[in-house]
Amino acid sequence: MTKSPLLSAVFAVAPALVPAFAQAEGELNLYNWGDYINPAVLEKFTAETGIKVTLDTYGSNEEMLAKIQAGATGYDIVFPSVHMHDIMYQLGLLAETNIGAHPEFKNIDPQFIRAETDPEAKYCLPYAWGNVGIVYNKAEAGELKGWADFFALAESGKKVVVLDDLRETIGIGHIMNGTSVNSTDEAEVAAAAQYVVDNIEAVSAFSYDSIPLVTSGDVAAAHWYVGANIFVAENPDILGYVIPEEGATMYQEDICVLKSAPNYDNAVKFMEFYLKPEIAALNVEQQMNGTPNIPAQALIPSEIASNPTIYPAQDMLDKLQIFVDLGRDLQLYNSEWTRIKTAQ
Amino acid sequence: MKLSDRKTWNLRALLAAPTAFLLIFFFGPLLIMVVYSFLTPGIYGGVDWTFSHLNYGRILGWADTKYEKFDPVFLWIFLRSLRLAALTVLTCVLVSYPAAFWISRMPKARRNMAIFLVTLPFFVSLIVRLFAWVLILRPTGFLNQGLMGLGLTSEPLEFLYTDFAVIVGMTYVFIPFMFLPLYASIEKLDSSQIEASMDLGATRFQTFRKVVLPATLPGIIGGSVITFIPSLGNFIVPSVLGGAKVVMIGNLIEQQFLSARNWPFGSALAMLVMAAVLCLLLAQLKLARTTEERA
């Protein structure tokens with residue numbers, strides 16, 4: 001969920017060439033977000049099954065969809081966000097797996113079966129979830145609590161970075177205005193965008209690559225994913241991560257098998273493997289995000305399980321909004337986004 | 001069959017492959033873009049096969065529906081891109097011209113080494129090089145530390161995420177494009193002409209203006225054109241060094257094809273860039289012809 005589209009674009013050329021000879025038995029080709037799975041999980045899968053795993057990465061749902069729609073074959077498993085899971089189902093790109101009928105599926109917390117088109121998990125397995133909040137430099141930003149503090153940094157001449165993502169960043173405006181991040185009301189979308197424009201003085205850049213700048217103090221704070229806790233754990237005196245008190249967005253990705261998968265059986269084996277609590281816990285250990293696997297939550301290190309920015313209390317959980325696909329109404333956000341980007 | 005006929009046929013056979021290649025892989029995609037720019041966006045990317053002129057209306061002024069509204073901001077971004085690309089060309093000339101002159105006067109072995117050094121950055125990934133520039137330009141970066149260390153500034157200046165950073169970055173990326181054609185025309189310069197001009201009493205400046213500059217003009221024009229075109233459509237440099245806040249037309253097009261899922265509008269914007277490039281190439285052609293006639 002957290003990688004620069006630019007960096008992944010550099011590697012984007014390679015995968016198109018690989019799949020041609022990736023059909024032999026004993027292989028599995030994953031297409032995932034950059035840095036979004038613990039390599040130890042893949043090693044363990046190979047050790048247990050003898051299936052060789054290759055991993056290619058993408059930087060956004062749209063990039064992945066465009067590649068699959070353009071006819072990229074050879075991939076078995078993708079990790080779309082919930083709204084993209086719905087879209088891919090509607091486009092007929094997903095293979096039925098009946099993972100929901102597997103006896104071990106009882107491990108999965110049913111509230112995470114979110115995709116409207118897949119209410120019985122006949123297709124995909126809920127993978128991981130997390131919130132999108134603020135990572136800040138303690139010396140530069142002080143103890144920061146939410147979006148109001150974040151943008152108020154401009155008053156003391158400090159700068160911030162927001163995500164180069166139209167839904168996420170306009171979403172901040174929605175949260176501050178008390179409207180839904182999935183609003184398709186023209187006036188509400190315009191007002192949400194206006195909130196960002198009004199605070200543009202604080203924004204030095206729209207970027208995903210902000211962690212090094214926050215760590216060095218070049219900017220005081222940045223809009224970033226819960227995975228920032230990895231960097232906070234490395235530099236606890238310098239960095240902090242917070243879920244904004246006013247509310248925030250959350251994301252969830254699901255494990256889906258493609259209809260064009262050359263290694264369908266191995267892909268289903270991987271899904272079943274990932275149902276095991278110890279495997280989901282192993283992933284969380286390195287990813288520092290949320291898992292929908294209930295017994296896994298008892299196995300993860302206590303400093304992660306007790307971190308309220310990773311596993312927030314129910315009242316904070318209630319303030320997290322998840323994106324749904326807007327269809328044609330996405331164009332309302334598209335126009336406003338250009339307006340934000342060119343506001344000086 | 002006459003010999004000349006056979007030669008013609010051989011030539012045709014030889015040219016058939018590259019011609020077919022260009023037709024399929026150059027005109028093909030171009031044609032797709034032209035067609036797409038007159039269609040309606042598909043909800044999940046791609047296109048719906050319904051005719052629409054509103055993609056151009058959004059840019060040029062007649063669209064006024066819920067999703068397709070005219071906004072002068074698109075033309076504004078386009079003009080800004082033209083300006084940034086023109087400034088990039090200018091700084092490239094200012095850096096490359098003296099460098100090319102100097103290198104062309106070096107002993108042969110060193111000259112080849114110097115040319116190799118100019119092209120050396122191509123061996124390293126562009127993204128990596130641009131992130132190195134982030135480290136140089138950021139508030140706590142080398143440039144600001146140097147300036148403050150010398151006592152020239154008292155607090156860090158904002159270089160990163162400005163037009164300045166974008167122009168520096170694009171100049172850096174495109175210098176080899178400018179240098180090589182310039183070098184080719186400067187190396188051919190006949191030094192006896194310069195000596196003659198000086199002997200006949202021209203000042204150094206007059207010699208430069210009347211002899212050196214006209215002789216190297218084709219190199220300047222050629223270099224400018226091939227620097228301008230990729231600068232105009234560039235989206236990586238404004239994204240990394242401009243913090244996506246310095247929006248160029250390339251960024252806008254990328255946004256349409258990926259996050260905004262509006263391929264037809266992206267295609268229409270791409271047509272705008274292509275029209276500009278075509279005008280430029282026609283102007284260059286005309287300029288080249290007039291200089292040839294004068295010569």
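The values are calculated or read from the model by the stated rules, or taken from the named source; none is laboratory data. No experiment lies behind these values; they were computed from the predicted model shown. Backbone-built Cβ (ideal geometry, glycine too); neighbour counts: all protein chains shown.
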Six or more apart or on different chains, Cβ under 8 Å: which pairs go from a residue in the stretch B:257-285 that's more than 14 Å from every other protein chain (Cβ to nearest Cβ) and within 14 Å of residue B:232 (Cα to Cα) to one that's outside any helix (DSSP H, G or I) and at pLDDT 90 or above? Could you list them?
B:270/B:37; B:271/B:37
Just a yes or no: is a residue in the stretch A:269-286 of a type outside the set (A, V, I, L, M) and at pLDDT below 95?
yes
What do you reckon, is residue A:312 modelled with pLDDT under 95, farther than 23 Å from residue A:34 by Cα and either outside any helix (DSSP H, G or I) or basic (Lys, Arg) (or both)?
yes
Number of positions in the stretch A:1-39 that are surrounded by 14 or more Cβ atoms within 10 Å (Cβ to Cβ) and either assigned to a strand (DSSP E or B) or modelled with pLDDT of 50 or more (or both)
12
Please note which helices (runs of 4 or more DSSP H) are completely contained in the stretch B:80-156 and include at least 2 residues that are out of contact with any strand residue (DSSP E or B) (no Cβ under 7 Å at 6 or more places or on another chain) and over 30 Å from residue B:190 (Cβ atoms).
B:126-137, B:142-149
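Table: residues versus (1) surrounded by fewer than 12 Cβ atoms within 10 Å (Cβ to Cβ); (2) touching a residue at least 24 places away in the same chain (Cβ under 8 Å).
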site: B:5; (1), (2): yes, no
site: B:9; (1), (2): yes, no
site: B:37; (1), (2): no, yes
site: B:53; (1), (2): no, no
site: B:82; (1), (2): no, yes
site: B:87; (1), (2): no, yes
site: B:115; (1), (2): no, yes
Looking at B:94, B:87, which is the one that is away from every other protein chain (no Cβ under 14 Å), more than 16 Å from residue B:263 (Cα to Cα), modelled with pLDDT of 95 or more and out of contact with any helix residue (DSSP H, G or I) (no Cβ under 8 Å at 6 or more places or on another chain)?
B:94
Out of the residues in the stretch A:326-344 meeting the condition of being of a type in the set (Ser, Thr, Tyr) and facing chain B (nearest Cβ under 7 Å), tell me which one is surrounded by the fewest Cβ atoms within 10 Å (Cβ to Cβ).
A:342
Take the stretch A:92-120 and flag every residue that is charged (D, E, K, R), more than 18 Å from residue A:278 (Cβ to Cβ) and surrounded by fewer than 17 Cβ atoms within 10 Å (Cβ to Cβ).
A:96, A:116, A:120
Scan of the stretch B:206-256 for residues that are in contact with a Lys or Arg (Cβ under 9 Å, 6 or more places away or on another chain) and within 12 Å of another protein chain (Cβ to nearest Cβ), ordered by number:
B:238, B:244, B:245, B:246, B:247, B:248, B:249, B:251, B:252, B:255
